[in-house]
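A.B. asks: Sharing a structure below in structure tokens format, with a few things to ask.
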Amino acid sequence: MPEIKMYSTANPPAGEPIPDIVVPSGEVWQIQSVQFSFVIGGSTVDRVGLIQVFDASGGNSFLWISSGYIVTIIGENVVYTFGGGLTFSNVKVTNRYISAPLPVNLTLDGDWKMQVGTDGGNIADNFSKATVGYFLL
């Protein structure tokens, strides 16, 4: 069985989106998981965690994956985890944990990219880095 490798983006500045995740040229990644978190700022509105996948041209988005809408409150820390075999869940403990399915065998070629974040957010939302677990094919 191949080793799961991990890639993490930089932590974005407050109020900025998570940097794009770009597969290095010449590599092929089979995505196993994507995780990111953020602290709700500015307003209490519904938010949905999103992953958008683009081909190497950067202009062709061919896949949108979402977590479904959740109601959040200001100051709440929300952790999103997307993974193969996961089901949708929304659990509130100290933090709010959201899980969502990821297509099995989602494979990205070199120079393809993923954008992760939320829809329905606020400029005052503070994102963490995104971490991707993948097999290098």
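A.B. asks: Select one label from [x] 42, 28, 23; [y] 45, 34, 27; [z] 57, 29, 28: the one whose number is Cα extents along the principal axes in Å as derived from the coordinates shown.
C.D. replies: The calculated read-out lines up with [x].
A.B. asks: Give, rounded to the nearest 20 debye, the magnitude of the charge dipole that region 1-106 has about its Cα centre when Lys and Arg contribute +1 at Cβ and Asp and Glu contribute -1 at Cβ.
C.D. replies: 300 debye
A.B. asks: Say the dipole of region 20-126 comes from +1 at the beta carbon of Lys and Arg and -1 at that of Asp and Glu; which of 71, 114, 21 then lies farthest toward its positive end?
C.D. replies: 71
A.B. asks: Could you give the length gained on full extension between residue 136 and residue 27, defined as 0.36 nm per residue of separation minus the Cα-Cα distance, in nm?
C.D. replies: 38.5 nm
A.B. asks: Using a simple spin-label model with points 7 Å from Cα along the Cα→Cβ vector, what separation in nm is obtained for residue 122 and residue 87?
C.D. replies: It is 3.3 nm.
A.B. asks: Further question: Output the relative contact order of region 20-126, whole-number percent, from Cα pairs under 8 angstrom with separation of 6+ residues.
C.D. replies: Computed over region 20-126, the figure is 42 percent.
A.B. asks: Within a 10 angstrom radius of the beta carbon, how do 96, 47 rank from fewest other beta carbons to most?
C.D. replies: In increasing order of surrounding Cβ atoms, one gets 96, 47.
A.B. asks: Would you work out which of 31, 51, 127 lies farthest towards the positive end of the dipole of the chain, given +1 charges on the beta-carbon of Lys and Arg and -1 on that of Asp and Glu, about the Cα centre?
C.D. replies: Positive-end residue among those listed: 127.
A.B. asks: Right, here's the next one. Less than 13 Å Cβ to Cβ from residue 54, Lys/Arg counted +1 and Asp/Glu -1: what total charge do the surrounding residues give?
C.D. replies: Within the 13 Å Cβ shell, the charges total -3.
A.B. asks: Related question: Could you work out how far apart the two model spin labels at residue 11 and residue 66 are, taking each label as a point 7 Å from the Cα in the direction of the beta carbon, and quote it in nm?
C.D. replies: Here the modelled spin labels are 3.0 nm apart.
Rule-based calculations on the coordinates, nothing more; no lab input. Source: prediction; values computed, not measured. Positions of Cβ are generated from backbone atoms using ideal geometry, with glycine treated the same way; all protein chains shown enter the neighbour counts.
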